[in-house]
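The values are calculated or read from the model by the stated rules, or taken from the named source; none is laboratory data. What you see is a predicted model, and the numbers here were worked out from it, not measured in a lab. As a convention, Cβ positions derive from the backbone with ideal geometry for all residues, glycine included, and neighbour counts pool all protein chains shown.
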Number of protein chains: 2
Amino acid sequence: MAQKKQDIGKVSLVLHKKLRGKVSIVPKMLVKNKSDLALVYTPGVAAVSSYLATHKDKLGEYTMAGNTVAVISDGSAVLGLGNIGPEGALPVMEGKAMLFKALAGIDAFPIVLATQDTEEIIATVKNIAPVFGGINLEDIAAPRCFEIERRLQAELSIPVLHDDQHGTALVVLAGLINAFKVTKKNPKKARIVIAGAGAAGTAIASLLMLFGVGDIIMIDSKGVLHRKRTDLTGEKLMLVKKTNKKNITGGLAEALAGADVFIGVSKGNTVTAAHVASMAKNAIVFALANPTPEIMPDIAKRAGAMVVATGRSDFANQINNSLGFPGIFRGALDHQVRQITDVMLIKAAKNLAALVKKPTTEYIVPNTFDKAVVSAVAKAIR
Amino acid sequence: MAQKKQDIGKVSLVLHKKLRGKVSIVPKMLVKNKSDLALVYTPGVAAVSSYLATHKDKLGEYTMAGNTVAVISDGSAVLGLGNIGPEGALPVMEGKAMLFKALAGIDAFPIVLATQDTEEIIATVKNIAPVFGGINLEDIAAPRCFEIERRLQAELSIPVLHDDQHGTALVVLAGLINAFKVTKKNPKKARIVIAGAGAAGTAIASLLMLFGVGDIIMIDSKGVLHRKRTDLTGEKLMLVKKTNKKNITGGLAEALAGADVFIGVSKGNTVTAAHVASMAKNAIVFALANPTPEIMPDIAKRAGAMVVATGRSDFANQINNSLGFPGIFRGALDHQVRQITDVMLIKAAKNLAALVKKPTTEYIVPNTFDKAVVSAVAKAIR
């Protein structure tokens, strides 16, 4: 497996050097003579400019703004690689732009930022917003990501979504809905352990609480979030008030004993067979750390897990954001949604889960390339 | 003519509504299954991200940054329409992005800004710069444009060009070189009147002085720039020290009497037949105000002008920026030029002029769609 991963990396490097960029900007019509030029540029375009200057609400109908999304990152939390800056982030954002077009017909442009300052990021995104119909924030570290998303949502009139939070939460919930079916567990009684209390973990917890689950126990790098901890601030302080009903203390071992569900959005190889073996019968394990899961699927299965999912394409049950963001923005653009709410995301998760007619232990989410995925999600975002 | 212009505007509006944006962002390769996904996105892309995080100088070889230019406007001086804001500016910037691709194979993305504050514009452009290989500033009002360009050139390591200044100056000089030939005038003795002392007029004057012309007289909305004026600041103060050798005072009439060349980058219908008639024999008139020239070509000709050029595609001798910016940026990207200098622009103007083997009164610049144009300009930018 390690060898295979290394090979994918090598092939990917060669491919990237050959492509020199994964997306291209192309004219929608040929411009081959002065008559064409006179229509798309001066003097003809002056009529369109004058019209839009006084009919700003028509911008989406006459320009690219109606179908264009910015994929914006400050490079501070890229994949599992951490704070690798804008240069490291760009290939990921380009990849995402490809998927926006390939899966949802959306024109997406990658913007990687030369700043990691919260206020500068907010000001910059606001300043470039007029050309976009939506803002996809990506790979921005917590807790900065919360403030940035909240402020931009409040101050812009187009939808703003930090995909690492809400896109992830949507897809996790969709998978979980089917995993509950397969394991015949009742969500309302389920005890769920979430390892990782950053962007993804926080959003997953919020969405699961609204969906209605028994109890959630959050774990960060210092252990279980409980009410005796004095080091919690911001989102974590909010979370600890609503989770961990029995106020369990300790770490992963204490949290997982008897738990129904493990959701890992933390670090690779942090969960052991013994941890899984201590969970409730027919346990559900979502080991989503990328590229190395918290526990490898075969180990988790042998230790007693009934349904195992990862973020990887080379195992069954790939919980991947590509199942979410294309449809979320397709819906938001088509239905002119200004705020993407958790209620919409829960509906989208249900729609996504329902695409799998007969869920099994090996099949809880549809394939990213299933044509029905985008419209199932999009119809919920309205 | 007025009727025809109105028609072009109407047709253009219909076309824009049909296209809903003139450029589209497309993947450079098909992504149709999970194997493709694994190469262009996770997990394969992680190898590229890691590599670029530590080899920032390779960004242009592995990502779109090497061939992508931002076309950035604050909407403060759009065409002849003035300060119509980002919404009004967007169709123009999209048109320009089309031309970048159609003429020079460059991926150009339009950014229209929600701010017209100099410092905010500078900060915003710097923050989004990592994804771009060059910055084309466009339709930003003077004097703000000077400071913005100067600062960005100093603070970024990629080429920054305010096209209304330097692109215009390059194409004007190219046309003028051939107009001098046709009229058998000696540039070194020519007296040149430039109406309009904003972005374009200032850059034209600077480039012509470096090229070497007899004398230049600049005119702004208050009349001739001369050394008794006490209202001049910034660029105008610099200009007045180097131009108007005889320190002429007055307005257009005083400036044009006996002049060899008129270059108008000001307002439509401001030059009369009498003005042109007062110029030297075989006068050259570049009436570049758009869409209405300072004087219509037929009137100028009847009044004695030998060579007349405008910015319009429906008359002979169209002095259009499309002859300049595609080649300027093609050259800058291909030769990794960090600063586009006036020396390069003069060389480019000479190359451009040389494409017209036998200049005549009706043919002083090549056609924008002549395939030789971009490479002629590009080879000078190195």
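Each residue in region A:291-314 was checked for being within 14 Å of another protein chain (Cβ to nearest Cβ), touching a helix residue (DSSP H, G or I) at 6+ places or on another chain (Cβ under 8 Å) and closer than 15 Å to A:Val171 by Cβ, and 2 pass.
For region B:69-85, which residues satisfy the criterion of being within 7 Å of chain A (Cβ to nearest Cβ) and assigned to a strand (DSSP E or B)?
Going through region B:69-85, the residues within 7 Å of chain A (Cβ to nearest Cβ) turn out to be B:78-79, B:81, B:84-85.
Matches in region B:69-85: B:Val78 only.
If only residues of region B:41-58 that are within 7 Å of chain A (Cβ to nearest Cβ) and of a type in the set (S, T, N, Q) are counted, the one that is farthest from A:Gly75 (Cα to Cα) is B:Thr42.
With the condition kept exactly as written, say whether any residue in region A:339-347 is in contact with a strand residue (DSSP E or B) (Cβ under 9 Å, 6 or more places away or on another chain), buried (at least 17 other Cβ atoms within 10 Å of the Cβ) and modelled with pLDDT of 95 or more. It would help to see each step written out before you state the result.
First, the residues of region A:339-347 that are in contact with a strand residue (DSSP E or B) (Cβ under 9 Å, 6 or more places away or on another chain): A:339-340.
Subsequent filtering for residues that are buried (at least 17 other Cβ atoms within 10 Å of the Cβ) retains A:340.
Still in the running and modelled with pLDDT of 95 or more: A:340.
Yes, that holds for at least one residue.
Go through region B:343-382 and give me each residue that's within 25 Å of B:Lys184 (Cα to Cα) and among the acidic types (Asp, Glu). Of everything in region B:343-382, just one residue is within 25 Å of B:Lys184 (Cα to Cα) and among the acidic types (Asp, Glu), namely B:Glu362. Of all the numbered requirements in (1) more than 14 Å from the chain's Cα centre (by Cα); (2) crowded, with 24+ Cβ neighbours inside 10 Å, A:Ala316 misses one, and that requirement is (2).
Checked against the criterion of being surrounded by 15 or more Cβ atoms within 10 Å (Cβ to Cβ), more than 24 Å from B:Ala349 (Cβ to Cβ) and charged (D, E, K, R), region B:186-206 has no qualifying residue. Would region A:18-33 turn up any residue that is over 20 Å from A:Ala102 (Cα atoms) and buried (at least 24 other Cβ atoms within 10 Å of the Cβ)? No, region A:18-33 has no match at all. Going residue by residue through region B:141-152, is there one that turns out to be within 19 Å of B:Gly60 (Cβ to Cβ), within 7 Å of another protein chain (Cβ to nearest Cβ), at pLDDT 95 or above and part of a helix (DSSP H, G or I)? The answer is no, given that none of the residues of region B:141-152 is within 19 Å of B:Gly60 (Cβ to Cβ), within 7 Å of another protein chain (Cβ to nearest Cβ), at pLDDT 95 or above and part of a helix (DSSP H, G or I). Taken over region B:333-382, the residue count meeting the criterion of being under 17 Å from B:Val182 (Cα atoms) and of a type in the set (A, V, I, L, M, F, W, C) is 8. Taking the criterion of being more than 29 Å from B:Tyr41 (Cα to Cα), charged (D, E, K, R) and part of a helix (DSSP H, G or I), the residues of region A:7-58 that qualify are A:Lys34, A:Asp36, A:Lys56, A:Asp57, A:Lys58. Under the condition of being in contact (Cβ under 8 Å) with a residue 60 or more places away in the chain and assigned to a loop (DSSP other than H, G, I, E, B), which residue from region B:90-136 is surrounded by the fewest Cβ atoms within 10 Å (Cβ to Cβ)? Filtering region B:90-136 for residues that are in contact (Cβ under 8 Å) with a residue 60 or more places away in the chain and assigned to a loop (DSSP other than H, G, I, E, B), the one surrounded by the fewest Cβ atoms within 10 Å (Cβ to Cβ) comes out as B:Gly105. Scanning region A:105-126 for residues that are more than 7 Å from chain B (Cβ to nearest Cβ) and either of a type in the set (Lys, Arg) or touching a strand residue (DSSP E or B) at 6+ places or on another chain (Cβ under 9 Å) (or both) returns A:Ile106, A:Ile121, A:Val125.
Taking residues in region B:64-85 that are surrounded by 23 or more Cβ atoms within 10 Å (Cβ to Cβ), and partners anywhere that are modelled with pLDDT of 95 or more and basic (Lys, Arg), the pairs with Cβ atoms closer than 6 Å and at least 6 places apart or on different chains are B:Val71/B:Lys96.
Answer yes or no as to whether A:Lys101 is facing chain B (nearest Cβ under 8 Å), out of contact with any Phe, Trp or Tyr (no Cβ under 6 Å at 6 or more places or on another chain) and more than 25 Å from B:Leu137 (Cβ to Cβ). Spell out how you get there, then give the answer.
Working: facing chain B (nearest Cβ under 8 Å): yes; out of contact with any Phe, Trp or Tyr (no Cβ under 6 Å at 6 or more places or on another chain): yes; more than 25 Å from B:Leu137 (Cβ to Cβ): yes.
Answer is yes for this residue.
Each row is one residue, and each column tells you yes or no for (1) of a type in the set (Phe, Trp, Tyr); (2) in a loop (DSSP other than H, G, I, E, B).
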| site | (1), (2) |
| --- | --- |
| A:Phe262 | yes, no |
| A:Val271 | no, yes |
| A:Ala280 | no, yes |
| A:Thr292 | no, yes |
| A:Ile299 | no, no |
| A:Ala309 | no, no |
